[in-house]
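Following: one structure in structure tokens, then a few remarks.
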Amino acid sequence: MWPPDQEPDPEPGPAPARSGRSPPGAAMPGLRALLPARAFLCSLKGRLLLAESGLSFITFVCYVASSASAFLAAPLLEFLLALYFLFADAMQLNDKWQGLCWPMMDFLRCVTAALIYFAISITAVAKYSDGASKAAGVFGFFATIVFAIDFYLIFNDVAKFLKQGDSAEENTADKAEEENSDSESD
């Protein structure tokens, strides 16, 4: 019958005190399911993405408060993209959506962010005299460094992957050439 029968109550015993908290081992449903895993956040990629999103947000807030408000779109966009890649990597969307070239998208995001942050930071520090613009420029320089480190590490990972692919192709090409030479000598 509907609704399904509920499980019988456990044996009566002393009633637990109601403190409004769940037991320590119980899983907390809801928004906690959307949070990235602690193992990912402690990894190098997770820390870089957290730093990118944090610095982008701080830079965005500084540009909002400054007279250089024309530059606030770039940090906002980079903040949103960094958050997207943070959750995409944490939820392993790169494994689920194979049609997208995730390393190339992440590499291009980091390169363009580093270049844009560098350019607007120089402009904010040199052209505007208020303190918020100077602070935005300084945080922009820090963000440039973090994005540059990220694209350097992505480039090294992609280069290693391509070298492994080239060596495997060379080995198969050498084996095929040896088989062809053996069959020609017969």
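Counting charges near Ala68 (Lys, Arg +1; Asp, Glu -1) among other residues having Cβ under 9 Å from its Cβ returns a value of 0. All other residues whose Cβ lies under 15 angstrom from that of Ile145 are scored, Lys and Arg at +1 and Asp and Glu at -1, for a net of -2. Between Thr123 and Gln98, the C-beta separation translates, for a Förster distance of 45 Å, into a calculated FRET efficiency of about 0.65. Remark: region 44-51, residue by residue, has Karplus-estimated 3J(HN,Hα) of 4, 5, x, 5, 5, 5, 5, 5 Hz, where x stands for each Gly or Pro and the curve is 6.51 cos²θ - 1.76 cosθ + 1.60 at θ = phi - 60°. Using a 7 Å offset from the Cα along the Cα-to-Cβ direction at both Thr112 and Ser69, what is the distance between the two label points in nm, to one decimal? The two pseudo-label positions are separated by 2.6 nm. Local charge sum around Gly54 (other residues, Cβ-Cβ under 14 Å, Lys/Arg +1, Asp/Glu -1)? Net local charge, Gly54 excluded: -2.
The Cα-based radius of gyration of region 65-148, divided by its Kirkwood radius, gives an Rg/Rh of 1.08.
Read-outs: derived from the displayed coordinates by stated rules, not from any lab. Every value quoted in this text rests on a predicted model; they were computed, and no experiment measured them. Positions of Cβ are generated from backbone atoms using ideal geometry, with glycine treated the same way; all protein chains shown enter the neighbour counts.
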